[in-house]
1. Of all residues in the stretch 99-108, which are touching a residue at least 40 places away in the same chain (Cβ under 8 Å) and under 15 Å from residue 84 (Cα atoms)?
2. If you check residue 84 against the conditions, is it free of Cβ contacts under 8 Å to residues at least 40 places away in the same chain and in the same structural domain as residue 19 (by TED's automatic domain parsing)?
3. So residue 137 ticks every box in (1) exposed (fewer than 15 other Cβ atoms within 10 Å of the Cβ); (2) not in a loop (DSSP other than H, G, I, E, B) but one. Which box is left unticked?
4. Go through (1) at pLDDT below 95; (2) in contact with a strand residue (DSSP E or B) (Cβ under 9 Å, 6 or more places away or on another chain) and name the single condition residue 83 misses.
5. Considering only the stretch 109-154, state which residues are free of Cβ contacts under 8 Å to residues at least 24 places away in the same chain and closer than 25 Å to residue 70 by Cβ.
């Protein structure tokens, strides 16, 4: 079980991973050396990846979509491996409720997304697909990013 102090540290990292340990120490009243030690432990156990959130539209990728697909059981693993290597696929989730995968795709244009789906269908004969275009990110990566709400976890 993770301590409340550790959860506060994680919340600060979720809110701003670039915040210095000195700044975090001032806000949390946890010594810098303790934060450093806890961070080293949690980097191995809890923190899966350090990354940044990008506004892909600034790079010319103006189409983001959530795509649900259903495939034959005998090609699921092959589809999974294919999606993991696909350039336009940002995230892939194995899901239920009648579908096999939920794909977050990032594309320059809607046509590129349509070409992606056509290629996927030609290669794996999709049983079903649903496409949901993301118009706006209303909230993104917000869970456990407010140190003041850490008590709700306990």
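The values are calculated or read from the model by the stated rules, or taken from the named source; none is laboratory data. For clarity, every value in this text was computed on a predicted model and none was experimentally measured. All Cβ positions, even for glycine, are placed from backbone atoms using ideal geometry, and neighbour counts span all protein chains on display.
1. Scanning the stretch 99-108 gives 104, 105, 106.
2. Taking the combined requirement at face value, the residue does not satisfy it.
3. Of the numbered conditions (1) exposed (fewer than 15 other Cβ atoms within 10 Å of the Cβ); (2) not in a loop (DSSP other than H, G, I, E, B), the odd one out for residue 137 is (2).
4. The failed condition is (1).
5. 111, 114, 115, 118, 119, 121, 122, 135
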